[in-house]
Amino acid sequence: MSIATKADPAGPAGSARPLSERRPFGDISFQAIALAAGLLVLVILVLIAVSTTQQASSWFSTEGIKIFSSTWNPTANQFGALPFIYGTAVTAIIALIMAVPVSVGIALLLTEVVPYRWSRPIVYVIDLLAVVPSVVWGQWGILVFAPWIQQYYTSVSSGVKGIPVLDSLFGGQASGASFFTAGIILAFMITPIVTSLSREVIATVPAIDKEGAYALGATRLEMINGAVWPHSQAGVVGAVLLGLGRAMGETIAVALVIGSSANITSHLFAPGYNMPAVIANEFGEASGLFRSALIGMGVLLFAFTIIINIIARVIVERSGRRQRGA
């Protein structure tokens, strides 16, 4: 007489095989396709980095540490990239300083203040601004905005003359095509992107968290600071990083309004240059070491973008650990 094996009442119903052994073919296929797609992105990035570095190797080997010098003279085979690195950093910082507070403020306004029936038309307009071609921004900037704002640059420059710090930043000869104009145009371009992404992230905050804050007597500002911001901080940082990447890599619009002058100066109203703009303007007629130098600046820009993303990821993870610890 055999003794029947009793099923464990606490065990799962149905088959006793582990779930991993009962996975359907569709799940396994999807996992394989998703893994292949993710690895394909990494492979493409590595191939881009390797191929461009090989083509720029003559610049790196010839110039050495001089690639970070401030001398850019193609006729003398001197290709120091520091003026363009400086211009890229300055214009991106100006754009972020102007765009991020406005973008986050608009996102909070649309999600927490404005009623839904009024926010939808504003969202449509913002989304349309995000897809305006960069060449249109550049043409508008050089034909309309730069001549109009130059008079204000001149007034500000004369008004801050002799004032410490302000004179070094906004004094001197003012030009409509300048670092500051390029930064403003970039701010216009990245504001819709950062706004749209921040709005989507903020909209995912659970309503129960906000209602709980109100139930405890919090004001709207306190609710945003205590419930909305901790939940959406990482996503907003990601949106800002995407805007920073757009600001650092934007080419045509900046090339039209920055002034195309390879110099390093603290005067923000002076003409300048940045890495994408010099590559776009001079790559067509470059050859030999000159061409290698332009490709090398693309490699540097690629490396800077990766470093910034890694630093931002570390900041987000540390912020998340602090919030979980609190």
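Which entry in (i) 20.3, 70; (ii) 26.4, 107; (iii) 19.6, 58 matches Rg and Dmax of the Cα atoms in Å derived from the coordinates of this structure? Computed from these coordinates, Rg and Dmax of the Cα atoms in Å corresponds to label (ii). Dipole magnitude for the chain: about 600 debye, using +1 per Lys or Arg Cβ and -1 per Asp or Glu Cβ, origin at the Cα centre. A dipole drawn for the chain from +1 and -1 charges on Cβ atoms has a positive end, and of M248, P206, I67 the residue lying farthest that way is P206. Per-residue accessible area (protein heavy atoms, 1.4 Å probe) orders K66, K161 as K161, K66, starting from the largest. For W72, the residues whose modelled amide H falls within less than 5 Å of its own, excluding neighbours fewer than 5 places apart on the same chain, are G80. The relative contact order of the range 182-326 comes to 23 percent, based on Cα pairs under 8 Å that sit 6 or more residues apart. Solvent exposure of S158, expressed as accessible area, is near 80 Å², computed with a probe of 1.4 Å over the protein chains only.
Determine, at each q value in 0.20 (inverse angstroms), the log₁₀ of I(q)/I(0) that the Debye formula gives when each Cα of the range 59-153 is one equal point scatterer. Computed log10 I(q)/I(0) values: -1.09. Across the range 168-177, computed HN-Hα scalar couplings (Karplus, 6.51 cos²θ - 1.76 cosθ + 1.60, θ = phi - 60°) run 6, 8, 10, x, x, 6, 9, 10, x, 8 Hz from first to last residue, x flagging Gly and Pro. Across the range 264-279, coupling constants 3J(HN,Hα) worked out from phi with the 6.51/-1.76/1.60 Karplus curve, θ = phi - 60°, read 10, 8, 7, 6, 6, 8, 8, x, x, 7, 9, 5, x, 5, 5, 5 Hz, and Gly and Pro carry x. Seen from all directions on average, the range 198-326 presents a Cα convex hull projection of 11.2 nm².
Scanning residues 5 or more positions from G259 or on other chains, those with amide H under 5 Å from its amide H are G272, with H placed 1.01 Å from N in the peptide plane.
Highest mean packing first, where packing is the average number of other Cβ atoms within 10 Å per residue, the peptides 33-39, 289-295, 148-154, 53-59 line up as 289-295, 53-59, 148-154, 33-39. The residue among L166, V102, V228 whose Cα reaches farthest toward the positive pole of the charge dipole of the chain, with charges on the beta-carbon of Lys, Arg, Asp and Glu, is V228. Summarising the label geometry, the points placed 7 Å from Cα in the beta-carbon direction at T219 and F304 lie 4.1 nm from one another. The long axis of helix 82-108 is offset from the longest Cα principal axis of the chain by roughly 50 degrees. Each stretch of four or more DSSP H residues adds -39500 (n - 2.57); spread over every residue of the chain, this sum gives -21500 deg cm²/dmol at 222 nm. The Cα center of the range 247-326 and the Cα center of the range 22-88 differ in position by 13 Å. Note that the chain presents 57 Å² accessible area per residue, ligands and nucleic acids not counted, probe 1.4 Å. When nucleic acids and ligands are ignored and a 1.4 Å probe is applied, F170 ends up with an accessible area of around 50 Å². For the range 51-68, 3J(HN,Hα) computed residue by residue from phi via the Karplus equation (6.51, -1.76, 1.60; θ = phi - 60°) reads 5, 5, 5, 4, 6, 9, 4, 5, 5, 5, 6, 6, 7, x, 5, 5, 5, 9 Hz, glycine and proline entered as x.
Estimated translational diffusion coefficient (Stokes-Einstein, Kirkwood radius over Cα pairs, 4 °C, 1.567 mPa s) of the range 183-236: 106 µm² per second.
The values are calculated or read from the model by the stated rules, or taken from the named source; none is laboratory data. Just so we're clear, the structure is a prediction, and the values are computed from it rather than from any experiment. Don't worry about glycine lacking a Cβ; one is built from the backbone with ideal geometry, like all the others, and counts go over all protein chains shown. The accessibility values were calculated without ligands, DNA or RNA, using every heavy atom of the protein model including side chains. Shrake-Rupley method; radii C 1.70, N 1.55, O 1.52, S 1.80 Å.
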